[in-house]
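Chemist: Structure provided below as structure tokens; questions to follow.
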């Protein structure tokens, strides 16, 4: 709900609700100097435009009566769209909806699809996957899909083997267009549905009223909300931010509503350097820590914890009790002024939840004196809903500590699953699919350690058929090797570093080839190991735990300069598309070398963890009662 007069804020487009509110604020108070997009980002823009142009041609060819609105001023495009709607065009491409002055909304959905009653539903074109295998029957969104030649949502069918992928930024943009259609009286009355056309080249329909997003509530508990509810809050909040920013420009005594926070979109934001200077000042903002986003930042900020050093000073034991649901401030109120030596269990006469008393005793809080010695500042997080405050404290300590990586609490020996025969797997993909499956086959054991790299790659046009055929070659080799190892009564494991992307494509291609059950069984077996999970479960860095950050700690270096997934996509375009033979060969060699480096790095991390993991320092060395560690940590924080 808007709390400020936003009438002076210009109507905003569909991206506002999905963008960082600090960016919206900065656009008012510190207009950014345009900077060139990095090559990988520019490539994404270019490929997205090419994909959209291809889809537009298909839609026009496949839909009789489709109207393409192109050229002209904003007013002329709006008028042309309104005219097409008035004559009930079955599909309008590139149109612009009437500006919603009251709602402060403007926008042009890629496609508008007519309903049988003459209203319209918005559809956007996105150059990414929109579907995934439905592994658990009855869970997730229903898969409602329309063909491009029969686009109406009334003609959509439920595709049982697939379900829509949830991408919040896509759905918030669709919700924006939905509100514009409603404001213009052009939306259906029987529900709010909108679609995405992705690389599968069909329309995937989403119910914008379905409660699919888990969000905080005023009670401190999580609540399921619909896309429309999330959109309304996010859009209105950003309008408030912009209105207050404009007031701040007129009168600097007006306080801005938001402060810089590190979020996922920062790396591609034109204001990143402006914000980073503020975030990295002193001991560094808490949002510089992994997975500490807006909600966690606000939780800390509300309690005066504004940097990593302040977070590191909180007490881990008190934090564990808070996360166990124990109201420490209330317990301290109950025992204040009473004999310090009184056993905690004596509170049983006034505390109904005996399990809470047992939990206190488990943490060594045995007397009333122990209760009063629990840290009051950390106890103020009671009722905040935080379930991982102790880890955030340790992340802050690790970030400021002298070592690059630490063993987690309770981890003595770092355990790494190993096997007689090991295969490290890494895939390379672009928006249209996977073109390379790389595998490092290693025979382990005394005197037998050797590795051989296998690359299953296709450089031709990446169609669904060529992608599936290439994957089948890799999968057949992997499963035959696995069976041979089992026949020899040896152990087998395959490894990946951060397997979420690989698992997505394994399932997608397994479904396409009719072997989804086999693929799923392998993913769920103990023979498919996500090494990132092994690292995260036992070690903590205070920063990135990605392969490019951890492998150098193991002494590994890639044989290519600036290895990275974004740059690899730029190289792929050259490898698959250029007519310059030497340039094409150089790009292909770079990609194969880069991929081989990834799988070799995964093996190097595994070997390092097994050999040296136990000698890594424990995060407990940075507990504040360790005066030497605390001095180190404070010295780092003052840099």
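The values are calculated or read from the model by the stated rules, or taken from the named source; none is laboratory data. Quick caveat: nothing in here was measured; it's all calculated off a predicted structure. Every residue, glycine among them, receives a Cβ derived from its backbone with ideal geometry; neighbour counts consider all protein chains shown.
Chemist: Just name the residue that is modelled with the highest pLDDT out of those in segment 149-173 that are out of contact with any strand residue (DSSP E or B) (no Cβ under 7 Å at 6 or more places or on another chain) and either crowded, with 17+ Cβ neighbours inside 10 Å or assigned to a strand (DSSP E or B) (or both).
Modeler: For segment 149-173, the residue satisfying everything is 172.
Chemist: Which condition breaks for residue 239 when tested against (1) out of contact with any helix residue (DSSP H, G or I) (no Cβ under 7 Å at 6 or more places or on another chain); (2) without any contact (Cβ under 8 Å) to a residue 60 or more places away in the chain; (3) surrounded by 21 or more Cβ atoms within 10 Å (Cβ to Cβ)?
Modeler: Unmet condition: (2).
Chemist: Within segment 81-97, track down each residue that is surrounded by fewer than 20 Cβ atoms within 10 Å (Cβ to Cβ), free of Cβ contacts under 8 Å to residues at least 24 places away in the same chain and farther than 14 Å from residue 184 by Cα.
Modeler: The answer is 87, and nothing else.
Chemist: Okay, next question. Of the residues 549, 587, 576, 545, which is in a helix (DSSP H, G or I) and within 30 Å of residue 392 (Cβ to Cβ)?
Modeler: 549
Chemist: Go through segment 234-268 and report how many residues are in a helix (DSSP H, G or I) and under 15 Å from residue 20 (Cβ atoms).
Modeler: The qualifying residues number 14.
Chemist: From (1) touching a strand residue (DSSP E or B) at 6+ places or on another chain (Cβ under 7 Å); (2) not in a strand (DSSP E or B), pick out the condition that doesn't hold for residue 228.
Modeler: If we test residue 228 against (1) touching a strand residue (DSSP E or B) at 6+ places or on another chain (Cβ under 7 Å); (2) not in a strand (DSSP E or B), just (1) comes out false.
Chemist: Still on this structure: Just for helices (runs of 4 or more DSSP H) wholly inside segment 271-328: which have at least 2 residues that are under 30 Å from residue 370 (Cβ atoms), out of contact with any strand residue (DSSP E or B) (no Cβ under 6 Å at 6 or more places or on another chain) and in contact (Cβ under 8 Å) with a residue 40 or more places away in the chain?
Modeler: 294-301, 308-312, 316-323
Chemist: Let me ask something else about it. Being surrounded by 21 or more Cβ atoms within 10 Å (Cβ to Cβ) and under 22 Å from the mean Cα position of the chain (by Cα) narrows it down to one of 263, 286, so name that one.
Modeler: Just a single option satisfies the conditions, and that option is 286.
Chemist: I would also like to ask the following. Taking the residues in segment 335-353 that are under 19 Å from residue 382 (Cβ atoms) and loosely packed, with under 13 Cβ neighbours inside 10 Å as candidates, determine which candidate is modelled with the highest pLDDT.
Modeler: Among those residues, the one meeting the criterion is 336.
Chemist: Being touching a residue at least 24 places away in the same chain (Cβ under 8 Å), under 22 Å from residue 238 (Cα atoms) and in contact with a strand residue (DSSP E or B) (Cβ under 8 Å, 6 or more places away or on another chain) is true for just one of 25, 12. Which residue is that?
Modeler: Of the residues listed, the single one that is touching a residue at least 24 places away in the same chain (Cβ under 8 Å), under 22 Å from residue 238 (Cα atoms) and in contact with a strand residue (DSSP E or B) (Cβ under 8 Å, 6 or more places away or on another chain) is 12.
Chemist: Also: Could you give me the residue pairs with C-beta distances under 8 Å whose first residue belongs to segment 552-563 and is on the phi > 0 side of the Ramachandran plot and not assigned by TED's automatic domain parsing to the domain that holds residue 609, whose second residue is loosely packed, with under 15 Cβ neighbours inside 10 Å and not in a loop (DSSP other than H, G, I, E, B) wherever it lies, and which are 6+ apart or on separate chains?
Modeler: From residues that are on the phi > 0 side of the Ramachandran plot and not assigned by TED's automatic domain parsing to the domain that holds residue 609, there are no pairs.
Chemist: Also: Filter segment 40-70 down to the residues that are over 36 Å from the mean Cα position of the chain (by Cα) and exposed (fewer than 14 other Cβ atoms within 10 Å of the Cβ), then identify the one that is nearest to residue 148 (Cα to Cα).
Modeler: Result: 61.
Chemist: With respect to the numbered conditions (1) over 18 Å from the mean Cα position of the chain (by Cα); (2) under 25 Å from residue 596 (Cα atoms); (3) surrounded by fewer than 18 Cβ atoms within 10 Å (Cβ to Cβ), which one is the sole condition not fulfilled by residue 521?
Modeler: Evaluating residue 521 over (1) over 18 Å from the mean Cα position of the chain (by Cα); (2) under 25 Å from residue 596 (Cα atoms); (3) surrounded by fewer than 18 Cβ atoms within 10 Å (Cβ to Cβ) leaves (2) as the failure.
Chemist: Continuing with this model, one more query. Would you be able to tell me the number of residues in segment 174-196 that are assigned to a strand (DSSP E or B) and either more than 21 Å from the chain's Cα centre (by Cα) or over 30 Å from residue 430 (Cβ atoms) (or both)?
Modeler: Residues flagged as assigned to a strand (DSSP E or B) and either more than 21 Å from the chain's Cα centre (by Cα) or over 30 Å from residue 430 (Cβ atoms) (or both) within segment 174-196 amount to 3.
Chemist: What is the one condition in (1) part of a loop (DSSP other than H, G, I, E, B); (2) farther than 30 Å from residue 117 by Cα; (3) outside the structural domain of residue 169 (by TED's automatic domain parsing) that residue 28 does not satisfy?
Modeler: So residue 28 meets the others, but not (1).
Chemist: Can you pull out the residues in segment 111-126 that are without any contact (Cβ under 8 Å) to a residue 60 or more places away in the chain and not in a strand (DSSP E or B)?
Modeler: 116, 118
Chemist: Is it fair to say residue 37 is touching a helix residue (DSSP H, G or I) at 6+ places or on another chain (Cβ under 8 Å), outside the structural domain of residue 184 (by TED's automatic domain parsing) and either surrounded by 19 or more Cβ atoms within 10 Å (Cβ to Cβ) or not in a strand (DSSP E or B) (or both)?
Modeler: Judged against the criteria, residue 37 is not a match.
Chemist: What about residue 60, is it assigned by TED's automatic domain parsing to the domain that holds residue 149 and in contact with a helix residue (DSSP H, G or I) (Cβ under 6 Å, 6 or more places away or on another chain)?
Modeler: Taking the combined requirement at face value, the residue does not satisfy it.
Chemist: Continuing with the same structure: Quick check on my filter: what residues within segment 80-103 are touching a strand residue (DSSP E or B) at 6+ places or on another chain (Cβ under 7 Å) and assigned to a strand (DSSP E or B)?
Modeler: 91, 92, 93, listed by residue number.
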